[in-house]
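Heads up: the structure comes next, in structure tokens.
A short reminder: the numbers here are calculations on the coordinates, not readings from a lab. Every value quoted in this text rests on a predicted model; they were computed, and no experiment measured them. Cβ sites come from the backbone with ideal geometry, for glycine too, and all protein chains shown count toward neighbours.
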Amino acid sequence: MMKRREGAIRIAILWLVMLCAMVVISPMAGAVEVRIGTSDSDQGHPSISGDRIVWQDDRNGNWDIYLWNITTQTETRITTDSSDQKNPSISGNLIVWEDYRHGVNPEIYLYDLTTHIERQISWSGDENYQMEPAVDGTNIVYEDSMNGFYNIYLYDLLTQHRHSLNEDSKTQWHPAISGDDVVWIDYTTSILYLYSISAGGQPIAVTDGYTAPKAPAVDAGRVVWADYVNGNDAGIFLYDRATGIKKWLTPNPSNQDNPVISGNTVIWVDDQAGTSNLYRYDLTTHQTTRLTSGPSNQYSVSIDGDRVVYVDDRGMNPHIYMTPIESTPQPVMVNGQTKLPTDPNHDGLYEDLNGNNAIDFNDVVIFFNQMDWISEHEPISLFDFNHDNQIDFNDIVLLFNQL
């Protein structure tokens, strides 16, 4: 009986939509984005801390590190050496990066915005590589190949003491740090580890070695990473040390990568719309929303509080952009309408698409006509009536059933 009813609904809606005039898709609407910096050169690998953003920039014929102050709207060149400086990370007044001034093997350098002093903080010989630095507070982590394979090292600026966080002869890489926590991946075993600086001892194995984790990030004991559990596509996972629970945040068939976490917000890169866009998962509401859209790709993400920075490849050269994160997602005007959608029954879902403060058949027709547009431009959680993290025909059926 239910199948017959749904079939009749599909036929009725399709017949009505065929009578409607074709509409034109409008440009992106939603979160306000801001371009960072003043140059049209290639830019990459942004990192944000408070009101400061750093990135690598090739405007001088080599990669240099630049700083943007959000409050003063000013740009500062941090490095002036003619060699390449790449992969910066910032925390407060401290900036670290990979530096190639002594040859093809990079070393880790530090710049203090308070003292304006630049100095090298890693020394392990010309034959070795120090890469992927990350800083938080006075602690810096990075990869070092001084033992013939990559290990994760921690350098404490207060004590000026450096030591390895792993004690085996296997390659470790992709370190990330937040407060007391450091994460990295064991390349040989494919295990993701979580280490407590204050506790010391052995790190926690977050994964079991049967998958292929990558791109880990950590904040307040919660770890996010991408993992290949769905064929050729990676998904985003979360591990909470306080509960010991591991959760798959993105159970859909697209590819997700480069997750970052700050507080209750997880951001990642997702190709479900055909281009690489940013999506957000709220750990409080358990809702997924789309943060960016449009025909270009967004990638290389960094987050701090309610601000996200990333690379966007629109135009001739990739540039750095910033988008604020709203604490509560808000709808935008549906394509072809003149009023904002409303939530007549106050259930957190916006069934009234034409904004007349009522749920009527016109809303069903609009939803059907604009289903793809809604999926690309609206916060999905506000129009996902069956809570499956996508906009599809089942949502139309549920909307029809409310008439």
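Before moving on, here are some points about what is shown:
- Whole-Hz couplings from phi, Karplus 6.51/-1.76/1.60, listed for the stretch 197-213; x for Gly and Pro: 5, 5, 7, x, x, 8, x, 8, 7, 7, 10, 9, x, 8, 10, 10, x
- FRET efficiency for Asp343 and Tyr299, using Cβ-Cβ distance with R0 set to 45 Å, rounded to 0.05: 0.85
- Distant-in-sequence amide H partners of Asn166 (H built 1.01 Å from N, under 5 Å): Ile152
- Remark on Thr207: its backbone amide H falls under 5 Å from those of Leu192, a criterion applied only to residues 5 or more positions apart or on other chains, H modelled at 1.01 Å from N.
- Take every pair of alpha-carbon atoms less than 8 Å apart whose residues are at least six positions apart; their mean separation over the length of the chain yields a relative contact order of 11 percent.
- Lysine pairs meeting the criterion (Cα under 26 Å, 8 or more apart or interchain), as found in the chain: 6
- Peptides 77-86, 305-314, ordered by how many other C-beta atoms sit within 10 Å of their residues on average, highest first, read 305-314, 77-86.
- Computed per residue of the chain from DSSP H runs no shorter than four, each worth -39500 (n - 2.57), the mean residue ellipticity at 222 nm is -3000 deg cm²/dmol.
- Inter-centroid distance (Cα atoms) of the stretch 249-303 relative to the stretch 313-355, Å: 16
- Note on Tyr100 and His387: the extension gain reaches 98.4 nm, defined as 0.36 nm multiplied by sequence separation minus the Cα-Cα distance.
- Near Tyr66, once Lys and Arg are set to +1 and Asp and Glu to -1 for all other residues with Cβ below 13 Å from its Cβ, the sum equals -1.
- The stretch 219-335: relative contact order in percent, alpha carbon pairs under 8 Å with at least 6 residues between: 15
- Local electrostatic count, Ala358, Cβ distance below 10 Å [Lys/Arg +1, Asp/Glu -1]: -4
- Around Ile191: net Lys/Arg minus Asp/Glu count, Cβ-Cβ under 15 Å: -2
- Karplus (6.51, -1.76, 1.60) ³J(HN,Hα), θ = phi - 60°, over the stretch 158-169, in Hz, Gly and Pro reported as x: 6, 8, 6, 9, 10, 8, 7, 8, 10, 10, 10, 9
- In a fully extended conformation the segment linking Ser41 and Asp81 would gain 12.6 nm over its present Cα-Cα distance, using 0.36 nm per residue.
- For the stretch 340-354, the Karplus equation 6.51 cos²θ - 1.76 cosθ + 1.60, evaluated at θ = phi - 60°, returns couplings of 5, x, 10, 10, x, 9, 6, 9, x, 10, 9, 6, 8, 6, 8 Hz by residue, with Gly and Pro reported as x.
- Helices that extend 18 Å or more along their long axis by alpha-carbon positions and average at least -0.5 on the Kyte-Doolittle scale are, among the DSSP H runs of the chain, 2-19.
- Charged side chains reduced to their Cβ positions (Lys and Arg at +1, Asp and Glu at -1) give the stretch 164-306 a dipole of some 200 debye around its Cα centre.
- What separates the Cα centres of the stretch 76-116 and the stretch 161-228 is a distance of 24 Å.
- Residues Trp123, Trp68 in ascending order of nearby Cβ atoms (within 10 Å, fewest first): Trp123, Trp68.
- Sorting 278-285, 110-117, 247-254 by their mean Cβ neighbour count within 10 Å, with the most densely packed peptide first, gives 278-285, 247-254, 110-117.
- Förster-model FRET efficiency, 45 Å R0, Ser196 and Asn356, C-beta, rounded to 0.05: 0.20
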